[in-house]
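The values are calculated or read from the model by the stated rules, or taken from the named source; none is laboratory data. Values in this document were obtained by computation on a predicted structure and should not be read as measured data. FYI the Cβ positions are ideal-geometry reconstructions off the backbone, even for glycines, and counts take in every protein chain you see.
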Amino acid sequence: MPNISEIIEEIKKKIKLGKKTEESSEPEPDDEFSFTLEEEAVNESEDLFAANEELLAKIGELESKFPKIEMMVTNLRKENENLRGDIQNINENFQDMMALYEVVSNQINPFIGISKITATSMEKVEMMENESRNLKKRVEELQNDVVILANVYLNTHQIDLDGVINEVLAEEEFSKAISGEDSDDW
C-alpha cells in the first residue's frame with residue numbers, strides 16, 4: 001500500500017501531464033463548428049485548470065499537516081512509554097512493600113497477643129498498610145489521569161486516533177510485506 005505522500009505525488013504528476021496536453025493542442029481549421037468546439041474545450045480546460053489548482057492547494061494543506069500529526073503521534077508514544085515506565089516503577093515499589101508486609105506479618109504471631117508485640121512494630125505495620133492503600137489509590141488515579149489526558153489531547157488537536165492507528169498498522173503491514181515477513185505471525 002503506497003503511503004500518502006506517494007499518492008499525492010502521483011496526482012500532481014497527472015495534473016501536470018493534463019496541463020501539458022492542454023497547452024500543446026493544435027488549433028483546428030477555422031469553421032463555425034470547430035470554433036464552437038474550441039470554445040467549449042477552452043471553457044472546460046479553464047474549469048479543469050481551476051479545479052486542479054484547488055486540488056493542488058488542498059494537497060499542499062494536507063502535506064503540511066501530516067508532519068505535525070506524525071510529530072504528535074511520536075510525542076504521544078514517548079509520553080505513553082514514560083507513563084508506562086512510571087507505572088511499572090510504582091507497581092514494583094508496591095510489590096516490594098507487599099513482600100515486606102508479608103514478612104512482617106509472618107513474624108507477628110497473632111496467638112501470642114499484643115503484649116509481646118511492641119507498639120513500634122504495630123505502628124510500622126499500620127504505616128505500611130496505609131502506604132500500600134495510598135499507593136494503590138494513586139496508581140488508580142494515575143491510570144485515570146492518563147486516560148483523561150489522552151482523550152483531552154486527542155480532542156484538542158482533533159486527532160482521529162482510530163485513523164492514526166489504522167494508518168500505522170497499514171504501514172507496518174506494508175513494510176512487513178516489502179521485507180518478506182509473514183503477516184500471519186500475529
query: Which condition number in (1) at pLDDT below 70; (2) closer than 30 Å to residue 169 by Cα is the one that residue 13 fails?
result: (1)
message: If residue 89 satisfies all but one of (1) of a type outside the set (D, E, K, R); (2) in contact with a helix residue (DSSP H, G or I) (Cβ under 8 Å, 6 or more places away or on another chain); (3) within 21 Å of residue 144 (Cβ to Cβ), what's the number of the condition it fails?
response: (2)
query: Got at least one residue in region 108-127 being closer than 23 Å to residue 65 by Cα and modelled with pLDDT under 90?
result: no
statement: The number of residues in region 165-186 that are at pLDDT below 85 and not small (Gly, Ala, Ser) is 5
message: Return the pair list, or none, for Cβ contacts closer than 9 Å from residues in region 154-170 that are within 16 Å of residue 80 (Cα to Cα) to residues that are of a type in the set (Gly, Ala, Ser), at least 6 apart or on different chains.
response: 161/150
statement: Here the residues within region 63-81 that are exposed (fewer than 13 other Cβ atoms within 10 Å of the Cβ) and not acidic (Asp, Glu) are 64, 65, 67, 68, 71, 74, 75, 77, 78, 80
